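Derivation of every value follows stated rules applied to the coordinates shown; laboratory data play no part. Every value quoted in this text rests on a predicted model; they were computed, and no experiment measured them. When we count neighbours, we look across all protein chains shown, and the Cβ atoms used for this are built from the backbone with ideal geometry, even at glycine.
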Amino acid sequence: MPVDPAGEITDSTAPASGRPAAPTSAAPTSAPPKSAPPKSAKVMAAFKRYKIAAFIVGWGLLLLCAAMVAKYLFDLPQFVVIWGPIHGALFVGYVILAFDLAYKDRWSPLGTLWVLVAGTIPFVSFVAEKQVQRKILAGGRM
């Protein structure tokens, strides 16, 4: 390594004019990909709450569908009368927790709408929850 008169180590690729040399195209310039920055503790806490709510509401919606089948095929309306309001309250909690996560993680309006609508369709809430989990853990946003 060359040393200048002041005792500093100098770059051997620098021209004699003292200015740094322009980068050449022969040297690889691509750096290894950086991992996504970790999410804040508030986002992760909101995500855990959302994940639990999505699981409960997903199964609650399947139970409500079963209760509706019992009502219309077997003339047993008491299951819908009991489970319908419970599921409604659970769904309100799901919406609040989904909005909380969307606000804290700065989701797009379309991503937020997708997650909210997915909570109303049987089995799709599980798909949306997995998609949210992948995006959150990868450092992305909905």
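Per-structure values
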{"item": "Cα-based reach from K51 at 29 Å (exclusive), listing lysines while leaving out same-chain residues under 8 positions away", "result": "K34, K39, K42, K104, K130, K135"}
{"item": "Order of Y50, Y103 under a 10 Å beta carbon neighbour criterion, fewest first", "result": "Y103, Y50"}
